[in-house]
Amino acid sequence: MASSSRMLVVVVVAALVAVACMKEVELKQNEDWLPLKKGYSGAWEIKSDTPLKGPFSFRYETQKGQRNVFDDIVPTDFKCGTTYKPEAEY
């Protein structure tokens, strides 16, 4: 994960789901779900006009229609390069 206060880049890897099969990834900011864009490297990113604040929740949908939500998976005091996993296995 790389970030500044207005840009967040994440690599989303969901168990049992090939990353190439990801159709959509969104970040929850306040009560709104904001779409991330897939970059050339396969990482998903979002650029914001206002500072992004954690904790961060993500939801995704695969090409086959599988959906999942990871609530507050990345803490407010996250560290770049760290892997954050959900408490439950998916």
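Tabulated values for the structure
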{"quantity": "Qualifying residue in the stretch 68-84 (condition: within 13 Å of residue 22 (Cα to Cα) and either of a type outside the set (S, T, N, Q) or surrounded by 12 or more Cβ atoms within 10 Å (Cβ to Cβ) (or both))", "calculated": "yes"}
{"quantity": "Residue within the stretch 50-62 that is over 22 Å from residue 21 (Cβ atoms) and either of a type in the set (Lys, Arg) or without any contact (Cβ under 8 Å) to a residue 24 or more places away in the chain (or both) present", "calculated": "yes"}
{"quantity": "Of residues in the stretch 54-67 being within 13 Å of the chain's Cα centre (by Cα) and not in a strand (DSSP E or B), the one surrounded by the fewest Cβ atoms within 10 Å (Cβ to Cβ)", "calculated": "55"}
{"quantity": "Unmet requirement for residue 20, which otherwise passes all of (1) modelled with pLDDT of 85 or more; (2) out of contact with any Lys or Arg (no Cβ under 8 Å at 6 or more places or on another chain)", "calculated": "(1)"}
{"quantity": "Evaluation of residue 80 against (1) in a loop (DSSP other than H, G, I, E, B); (2) touching a Pro at 6+ places or on another chain (Cβ under 6 Å) (one fails), failing number", "calculated": "(2)"}
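The values are calculated or read from the model by the stated rules, or taken from the named source; none is laboratory data. Remember, predicted model here, so these are calculated numbers, not experimental data. Quick reminder, even Gly has a Cβ in these numbers, built from the backbone with ideal geometry, and neighbours come from all protein chains shown.
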